[in-house]
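Participant: Sharing a structure with you now.
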Amino acid sequence: MSDVFSRRPLLLLRHRLTWLAVAAAWSVNLAWAQAPVQVPVAAVERHAVGAGFEMDGVVQPVQQSTISAQTAGRLVSMAVKPGDRVKAGQLLATINDSETQAGVQSSQAQVAQAQAQLRNAQANFDRTRDLLAKGFISSAAMDSADAQLKSAQAGRDQASAGARQAGLSQGFTRVTAPFEGWVLQTQAEVGDLAMPGTPLLTLYAPTPLRAVVQMPVSRSNAITPKSEIEVQVPAADGAQLWIRPTLTSRMPGADPVSQTIEWRLELPATAANTLVPGQQIRVRFAAGEKQRLVIPAAAVLRRGELTAVYVAGASGFVLKAVRLGADHGEQGFEVLAGLQEKDQVALDPVKAGLSGAQPLAAGAVAQ
């Protein structure tokens, strides 16, 4: 019993030391948890940015054709499908040639008949000429033989022309590619009845491409020859690049219903690596520079339809909705509403939304 009582003070001392260590750890953790999160900020300032506006455009191939039937008949084969690449002169489709084949045979028979009539008229003309030279017939008979010969020659020429036309119609039953390109879509199926002018398929050349913009007349008149036009295209790494078109043209008339003018912007050949016909892209029309409020892209917080930033205040950060304008790349986003000059916006909106977050003073290092 004496040993137990002698060890009791030592055990009590150990328990006290353990509780002191735990309490010290809790104090450190509590102090760390209560330490404010420091978030770097940037001032909203005015910068010289390109003045203008942006619009949506659609990518179109410069060379595109709708291949149509040139003769009547049943479509018996379609040798290509959408997405196939074809060469100039390659067979695309065939049409039943039974009717055209009959036309070719009929024209060949007419040519043979015309040639026989011509030989007969030529022989009659030669005999009449010999008889006239010997004085056995009158000049009137010679004139009649000459007229028959010329009529036979005309009949021969007409039959030959009909044979060539029948040959052309026979060739129209084999639809071939007029240039090298890609099949965009097919508008007919095997078994359909093709008539002259019936669309069969659409073919386009992969390069060059162009961006087409339908611009309101009021804005189109504001574009001057000195205005800079850029098209936003995706890069191979997923980034967005602004490039200038190689050629810009404006259609001379406006659409009477939408009151828009079509602008065509031909793109460099490299744009075909990341663009496809029908794709929607952004087009920027700039005219000089103007002073605009700009914030860094890192400060923008997007949640669904909400676009906002955290603004530094006396007691922390306050979330404010903003309306942004054009994206000026490294300069940031143009601010149309919601902020004033010299406002301090958080460059890390996620941390700024934490409880107790405080702005980091300029030049200071976050703890």
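Participant: In the range 83-105, which residue that is open to solvent by 60 Å² or more (accessible area, probe 1.4 Å) and among the small types (Gly, Ala, Ser) is modelled with the highest pLDDT?
Facilitator: 88
Participant: Next question, about the same structure. Can you tell me which residue in the range 263-287 is modelled with the highest pLDDT, limited to those that are among the polar types (S, T, N, Q) and part of a loop (DSSP other than H, G, I, E, B)?
Facilitator: 279
Participant: Using the structure shown, decide if residue 244 is modelled with pLDDT under 90, open to solvent by 70 Å² or more (accessible area, probe 1.4 Å), within 21 Å of the chain's Cα centre (by Cα) and under 30 Å from residue 286 (Cα atoms).
Facilitator: Here the answer is yes, as residue 244 does meet what is asked.
Participant: Taking only the range 224-262 into account, find how many residues are of a type outside the set (Val, Ile, Thr) and in contact (Cβ under 8 Å) with a residue 40 or more places away in the chain.
Facilitator: Residues flagged as of a type outside the set (Val, Ile, Thr) and in contact (Cβ under 8 Å) with a residue 40 or more places away in the chain within the range 224-262 amount to 11.
Participant: Strands (runs of 3 or more DSSP E) wholly in the range 315-367 with at least 1 residues that are at pLDDT 80 or above - which ones?
Facilitator: Details: elements: 316-321, 323-327, 333-337, 344-346, 358-360.
The strands (runs of 3 or more DSSP E) meeting that bar are 316-321, 323-327, 333-337, 344-346.
Participant: So, of the residues in the range 106-132 that are among the polar types (S, T, N, Q) and under 60 Å from the mean Cα position of the chain (by Cα), which turns out to be surrounded by the most Cβ atoms within 10 Å (Cβ to Cβ)?
Facilitator: Going through the qualifying residues, I end up with 107.
Participant: Could you check the range 272-297 and list, in sequence order, the residues that are open to solvent by 20 Å² or more (accessible area, probe 1.4 Å), farther than 16 Å from residue 47 by Cβ and not basic (Lys, Arg)?
Facilitator: 272, 273, 274, 276, 277, 278, 279, 280, 287
Participant: Given the conditions (1) at pLDDT 85 or above; (2) open to solvent by 80 Å² or more (accessible area, probe 1.4 Å); (3) in a strand (DSSP E or B), and given that residue 256 satisfies all but one, which numbered condition is not satisfied?
Facilitator: (3)
Participant: Right, next: Take the residues in the range 180-235 that are touching a helix residue (DSSP H, G or I) at 6+ places or on another chain (Cβ under 7 Å) and hydrophobic (A, V, I, L, M, F, W, C), then tell me which one is surrounded by the fewest Cβ atoms within 10 Å (Cβ to Cβ). Give the derivation first.
Facilitator: Within the range 180-235, the first condition is being touching a helix residue (DSSP H, G or I) at 6+ places or on another chain (Cβ under 7 Å), and the residues that meet it are 206-209, 233.
Those left that are additionally hydrophobic (A, V, I, L, M, F, W, C): 209, 233.
Details: 209: 24, 233: 22.
Applying the filter and picking the extreme gives 233.
The values are calculated or read from the model by the stated rules, or taken from the named source; none is laboratory data. Here the structure is a predicted model, which is why all the values come from computation and not from measurement. So basically every Cβ, Gly included, is an ideal-geometry build from the backbone, and we count neighbours across all protein chains shown. Accessible surface areas use protein heavy atoms only, side chains included; no ligands, DNA or RNA. Shrake-Rupley method; radii C 1.70, N 1.55, O 1.52, S 1.80 Å.
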